[in-house]
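Here's the structure we're looking at; comments come further down.
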Amino acid sequence: MTRAFADRASIDWNALLARVRDPAGRAALESLRRLDALRGVPAASAVPAAPGAATGLLRLLVAVAALQTLAALMVAAALVVTTRSFDPVWPQVFVVAAFASAALLLASASARDRRVLLLLATFTFAASAFARAIVSAHGSGPLAASGLFRGLFPETFVPAALWQFAILFPGVQRFTRFDVWSRRIAAGVWALGSALFLVQLAAAYGWDAAWSRALHRDDPRNLFWHLFAAAALPGFATIFVRAHWSAPVERRKAARLGAVLAVSAAPLLVVGLSRLAFSNVDRWMLTADSAARGAVDALVFCGLAAMPVLATLAVIVDRPFELRAFGGGWPRFPSSPRREQLAAALDRLRLAPGVRAIPAMLSRELQLGVRAARATVVPAGDLPLQSALPVMLEDTPSPIVLDRHAEPFLLLPPADRAWLDARDVSLAAAIRLRDGSLAAIVLLGPRRGGGAYDRTDRWMISTLVAVAAAMWDARDRLADTAAWECTRCGRVSGEAAACGCGGDPIPALLPRRLAGKFDVQRRLGEGGTGVVYLARDVTLGRDVALKTLPRRQGHAVSRLRDEARSMAALNHDALATIYGLEVWRGTPVLVVEHLAGGTLAGRLACRALPANEVIALGQRLADALAYMHERGLLHRDVKPSNIGFTADGAAKLLDFGLSGADGSPAGTPGYLPPETLDGAVADAAGDLWALAVVLLQASAGADERLRGFFRQALAADPADRFRSAREMLQVLSSYTS
């Protein structure tokens, strides 16, 4: 299921949930389903099968190769005891022991990490190839002819295991064109390895077709080894190509391990390919004096023996995998020095002078406490729009490790993965307030010196983040509530004192200063979708409007965020501009353009508009609606109070809180077309009807030029009205031509 999710395949979530009874499992699946919806993947009627069978077969082959290796070492030991000489078998035993020792160390993590299993398989298969040489040359009795060795050649899968390791080890995004082709080639190499394995097995039990003899590993034509080398060589190159697209830390790990594998295998590959390609080289290898031939063999054997040793050292130094044998195991309880370190960090964190100081202090303590190269606290409002990261963090109180080669990183949409890659993020944790709202997300880079964050590190991170969240919540509620507004004039001040206008003070919905740069001055108005305050951006020296909610409710918060997304996606001269999105007490606050000229509702309270102004206003707003409709968005609440004016008198549409394209009924009753009362869904015609009502309401009297316009725009039958905002604009423009 997780592979299908990562590959963006369709999943029948309802059928999958019906099979899960465990509450925790259902909660995890629900989170994945929400992520799937964010990525826009359609549901399906079947769940792809998990690749458990392939992994089981690979483990069986590893077990066969391990038994062959153990048997060969027993033969070698018996030979040494009998002959009292190590000379006949030392080269093969040297290589077998090196590969077997590395495989034993890797076995500690093979169940948790598929990459480790593949590297383990590569080493074990290579060990079995040299083990067979020992048994063939020196074995006797039933062991040499047993079914353990007869026709079973696990080394045929060395190129396939190497390829599969290469496409999983460097932690890059999985959906590049190179990765797609690499996976296809790896599948082909697995098929080739299977075919060669079956040919060897069939030949050992009497099947001897003419065409298959050329594919036997001992055939003098060496076709087997031609195919072996041709399949294995590109696997080494793939590690380096994919590492080039990795994050810097992952790139260094991949480059070092890839270099170890490539350089160690180079003598064997160069000698083997030279013998295959040039007959003179093969002839020399067969006829050279013992000293020269011994030097070449020693170089090959030493290179092969060095491969697993150097690869193991690279794993110990870089820790690309978490191996218990290398200190990757987790202590049951944090050690006393770590507890003391945490206590000191908490004492320093509690001295934060205010909410705005908490992120910087938390970042510093995380860098010191867990040796993070970077620690950044990103406010929820600064996250990418439609990010799935908050959803992923929703159901887990612990930090999540964003390892590039596995879930949960691979479950994120491509935009999120690119955003995290650009910041080289290795781990993320959520700062949540008491009401469950997300205040910020902590992003940690890789550990200094390499290595993964262990259990103690994550325990320390969780504790520091939890304390920071509690302080954030408390300081947010205590320090920033010192703002009051007048019930009569709306002026905002820092004291609960009577206003000069005679109004009474009540707690304001925003602090006196928001986000350290917006000085809140007065309430401008309140509508069905929010409350708007006038504020001064002290950083840029301009007035802005801050729109927030009268009370925090789940659907209202979602709608305000949707409004921010809708405004951010639009760029038209007759649509209000959004400057940003802040978060206060877990509630989003829209920072939008302040229209100093007031609203159309305010103007109409004083006077109606002459026909030429009505026509100009209609043209401007119809053009704005056409722009929205052509991008699949509706406004759905066009009315005089949602039409503002800049200081120089230019009209702009406001309040996108109901905008969208879902067709659900919404808006102000007096501006809805009559068919809405019969249950008709909202569409572009609703915006046009509302605009026509606004223009009629604004008219000082129905000018002769506008009678035909209103007759068509407000026709009882929808078929008789304007078909689009562009058509309405053309008709209005004809009155001024």
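The values are calculated or read from the model by the stated rules, or taken from the named source; none is laboratory data. Being a predicted model, the structure only gives us computed values, none of them experimental. So basically every Cβ, Gly included, is an ideal-geometry build from the backbone, and we count neighbours across all protein chains shown. What goes into the accessible areas is simple: the full protein's heavy atoms, side chains included, and nothing from ligands, DNA or RNA. Shrake-Rupley method; radii C 1.70, N 1.55, O 1.52, S 1.80 Å.
For Tyr205 paired with Ala230, estimate the spin-label separation in nm (one decimal), with each label point 7 Å from Cα along the Cα-to-Cβ line.
2.9 nm
Within a Cβ distance under 13 Å of Ser724, other residues only, what is the Lys/Arg minus Asp/Glu net charge?
On the way: positive: Arg721, Arg723, Arg726; negative: Asp623, Glu630, Asp683, Asp687, Glu727.
Result for the neighbourhood of Ser724: -2.
Mark the label point 7 Å from the Cα of Ala647 along Cα→Cβ and return the residues of segment 567-599 whose backbone N is within less than 20 Å of it.
573-580, 591-599, by backbone N distance to the label point.
What ranking of Trp225, Trp284 comes out by heavy-atom accessible area, probe 1.4 Å, highest first? Kindly include the intermediate steps, with their values, before the conclusion.
Details: Trp225 80, Trp284 110 Å².
The most accessible residue leads, giving Trp284, Trp225.
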